[in-house]
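Each remark here refers to the structure printed beneath this line.
Where a number appears in this text, it was derived from the coordinates with a stated rule and is not lab data. Because the structure is a prediction, the values reported are computed rather than measured.
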Amino acid sequence: MVSVLPATFSLRTQDVKPELQLNELTNLTDAVESFTSLVGRSGTSVRLHCSVPTWCSSDTCSDLHDLHDLRSRFLLFIHDLLESLRSSGIPASYRLVPSNTSLCFVCALPAELSAPKIRAAAIEILQNAKINVREKILLADLEHGPALIIS
């Protein structure tokens, strides 16, 4: 089940659509299913670019225990997502990158696509998301593939 957030976050960059819709998902299982179906439309192999938080910087993460819990949930989610993609016949790999935010970010890109433009878009999405609730999952359909933000 996907529900649209009441507010639309606007991003004005060359790399991202002028109006970016962030859809809230109810749980990680729904996120895996939605993400897999969006990636499945392309039918090509993908590489997941995953930002892993390294410190607490917001209301969503108050101490190191929260940070550890978020990272643990995120890494389990990545493995579930890879399993789902591979069982759907989509060759998938991933890359973990440390992040200075307290949010997790996953973006699926074609394996042959360069990532610098998407990284810049990811940073801007994370800065503009303004999530201050724990255990929230947002899905965005970017120009080159879907992206998830997990708090």
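Some notes on this structure:
- Sequence-distant residues sharing a close amide H with Ser102 (under 5 Å, placed H): Ser57
- Full-extension gain in nm, Asn100 to Asp30, via 0.36 nm per residue minus C-alpha separation: 22.5 nm
- From phi via Karplus (6.51, -1.76, 1.60), per-residue ³J(HN,Hα) for the stretch 138-151 in Hz, x at Gly/Pro: 10, 10, 10, 9, 7, 4, 9, x, x, 9, 10, 10, 10, 10
- In order along the stretch 67-74, phi translates into HN-Hα couplings of 4, 4, 4, 4, 5, 5, 4, 5 Hz, rounded to whole numbers, per the Karplus curve 6.51 cos²θ - 1.76 cosθ + 1.60 with θ = phi - 60° and x for Gly and Pro.
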